[in-house]
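Structure, as structure tokens:
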Amino acid sequence: MNDLPPLPDKDWLLARVGPSRAAWDRSQRPAQIEPAGPGEESVWDYPRPPELRPAPGRARVVHGGCEIASSDRALRIVETAGAPVYLLPPEDVRMDLLVPNDHVTVCEWKGAAVHFDLVMPGARVADAAFAYPDPLDDLGQGYGRIAGWIAFYPARVDACFVGDEQVRPQPGGYYAGWVTDAIKGPIKGDPGTEGW
């Protein structure tokens, strides 16, 4: 990954995210949690700090009639209250269509993320994807495994799939979670869910 914006120093970053990590209150849960049946997962059973798990099927991203990414090696990050975020190895992504921009965000668990515009003939989709070039790995969760792997926002591309199922975007527009029929909530993202 060339031409990436500068990332914050990891020691500085760890000092900044410490209070956010400590502030999360496990007791803040919605009143009605959907039950998960066989073959289903509740976002309320996901851990925090987040955990990396294999994707349950081939992950694909399509935009403008073009397959942007396709991988049977994808990983997903699962975290309490959120839909899984799918990360694909860059070898399985059309990296020639992704242009890094100056947008850098910070996750209190995984560190600094750089964002990419999806650039195709006649179209540019701002912030369509992101990656953690140098993830925090102080918690022993193995986040270093996803260095440079690409996550797509399903709301910003035409379609994302897990196996044959087209996913739905996580509510609210901020998060990059992929919602399938097997995921039970409620899922954070909408107004009023900020404490989840």
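Within the stretch 115-137, can you find the residues that are outside any loop (DSSP other than H, G, I, E, B) and of a type in the set (Gly, Ala, Ser)? Outline the logic, then answer.
Filtering the stretch 115-137 down to residues outside any loop (DSSP other than H, G, I, E, B) leaves 115-120, 123-132.
Answer for the stretch 115-137, where residues must be outside any loop (DSSP other than H, G, I, E, B) and of a type in the set (Gly, Ala, Ser): Ala123, Ala126, Ala128, Ala129, Ala131.
All but one of (1) among the hydroxyl-bearing types (Ser, Thr, Tyr); (2) in contact with a Lys or Arg (Cβ under 8 Å, 6 or more places away or on another chain); (3) over 17 Å from Val179 (Cα atoms) hold for Ser42; state the number of the condition that does not hold.
For Ser42, the failing item is (3).
Going through the stretch 1-17 one residue at a time, which ones are assigned to a helix (DSSP H, G or I), touching a residue at least 60 places away in the same chain (Cβ under 8 Å) and either open to solvent by less than 80 Å² (accessible area, probe 1.4 Å) or in contact with a Phe, Trp or Tyr (Cβ under 7 Å, 6 or more places away or on another chain) (or both)? Outline the logic, then answer.
So the first thing to find is which residues in the stretch 1-17 are assigned to a helix (DSSP H, G or I), and the list is 10-17.
Okay, now just the ones that are also touching a residue at least 60 places away in the same chain (Cβ under 8 Å), so 10, 13-14, 16-17.
Lys10, Leu13, Leu14, Val17 - these are the residues of the stretch 1-17 that are assigned to a helix (DSSP H, G or I), touching a residue at least 60 places away in the same chain (Cβ under 8 Å) and either open to solvent by less than 80 Å² (accessible area, probe 1.4 Å) or in contact with a Phe, Trp or Tyr (Cβ under 7 Å, 6 or more places away or on another chain) (or both).
Would you mention how many residues in the stretch 138-196 are not in a loop (DSSP other than H, G, I, E, B) and not small (Gly, Ala, Ser)?
To start, the set of residues in the stretch 138-196 that are not in a loop (DSSP other than H, G, I, E, B) comprises 143-147, 150-152, 159-162, 165-166, 168-169, 178-179, 183-184, 188, 190.
Right, trim to not small (Gly, Ala, Ser) and you get 143, 145-146, 150, 152, 160-162, 165-166, 168-169, 178-179, 183-184, 188, 190.
The qualifying residues number 18.
Answer yes or no as to whether Val61 is touching a Cys at 6+ places or on another chain (Cβ under 6 Å) and over 24 Å from Lys10 (Cβ atoms). Before you say what the answer is, go through the steps one by one.
On the way: touching a Cys at 6+ places or on another chain (Cβ under 6 Å): yes; over 24 Å from Lys10 (Cβ atoms): yes.
For Val61, the condition - touching a Cys at 6+ places or on another chain (Cβ under 6 Å) and over 24 Å from Lys10 (Cβ atoms) - is met.
If you check Ala69, Ala36, which single one turns out to be in contact with a strand residue (DSSP E or B) (Cβ under 9 Å, 6 or more places away or on another chain), surrounded by 19 or more Cβ atoms within 10 Å (Cβ to Cβ), touching a residue at least 60 places away in the same chain (Cβ under 8 Å) and on the phi < 0 side of the Ramachandran plot? Please lay out each step first, then the result.
Numbers: Ala36 fails: surrounded by 19 or more Cβ atoms within 10 Å (Cβ to Cβ).
That would be Ala69, the only listed residue that is in contact with a strand residue (DSSP E or B) (Cβ under 9 Å, 6 or more places away or on another chain), surrounded by 19 or more Cβ atoms within 10 Å (Cβ to Cβ), touching a residue at least 60 places away in the same chain (Cβ under 8 Å) and on the phi < 0 side of the Ramachandran plot.
Is it the case that Arg76 is surrounded by 14 or more Cβ atoms within 10 Å (Cβ to Cβ), charged (D, E, K, R) and assigned to a loop (DSSP other than H, G, I, E, B)? Full working, then the answer.
Values: surrounded by 14 or more Cβ atoms within 10 Å (Cβ to Cβ): yes; charged (D, E, K, R): yes; assigned to a loop (DSSP other than H, G, I, E, B): no.
Answer is no for this residue.
In this structure, does Asp96 turn out to be within 22 Å of Ala159 (Cβ to Cβ), outside any loop (DSSP other than H, G, I, E, B), without any contact (Cβ under 8 Å) to a residue 12 or more places away in the chain and more than 19 Å from the chain's Cα centre (by Cα)? Lay out the reasoning, then the answer.
On the way: within 22 Å of Ala159 (Cβ to Cβ): yes; outside any loop (DSSP other than H, G, I, E, B): yes; without any contact (Cβ under 8 Å) to a residue 12 or more places away in the chain: yes; more than 19 Å from the chain's Cα centre (by Cα): yes.
Here the answer is yes, as Asp96 does meet what is asked.
Would you please name the residue that is surrounded by the fewest Cβ atoms within 10 Å (Cβ to Cβ), looking only at residues in the stretch 39-65 that are in a loop (DSSP other than H, G, I, E, B) and among the acidic types (Asp, Glu)? Walk me through it before giving the result.
So in the stretch 39-65, the residues in a loop (DSSP other than H, G, I, E, B) come out as 39-40, 43-50, 55-58, 64-65.
Now restrict to residues that are among the acidic types (Asp, Glu): 40, 45.
Details: Glu40: 13, Asp45: 11.
Out of the qualifying residues, it is Asp45.
Give the stretch 134-149 a look and list any residue that's over 14 Å from Ala113 (Cβ atoms) and either crowded, with 16+ Cβ neighbours inside 10 Å or not charged (D, E, K, R) (or both), or say none.
From the stretch 134-149, those over 14 Å from Ala113 (Cβ atoms) are 137-142, 144-145; that's our starting set.
Selection gives Asp137, Leu139, Gly140, Gln141, Gly142, Gly144.
Pick out the one residue from Pro89, Pro84 that is under 24 Å from Glu194 (Cα atoms) and open to solvent by less than 30 Å² (accessible area, probe 1.4 Å). Explain how you work it out, then say what you get.
On the way: Pro89 fails: under 24 Å from Glu194 (Cα atoms).
Among Pro89, Pro84, only Pro84 is under 24 Å from Glu194 (Cα atoms) and open to solvent by less than 30 Å² (accessible area, probe 1.4 Å).
The values are calculated or read from the model by the stated rules, or taken from the named source; none is laboratory data. Keep in mind that this is a model prediction, so the values were computed, not measured. Ideal geometry is used to build each Cβ from the backbone, glycine not excepted, and the neighbour counts take in all protein chains shown. Heads up: the accessible areas ignore ligands, DNA and RNA and are worked out on the full protein's heavy atoms, side chains in. Shrake-Rupley method; radii C 1.70, N 1.55, O 1.52, S 1.80 Å.
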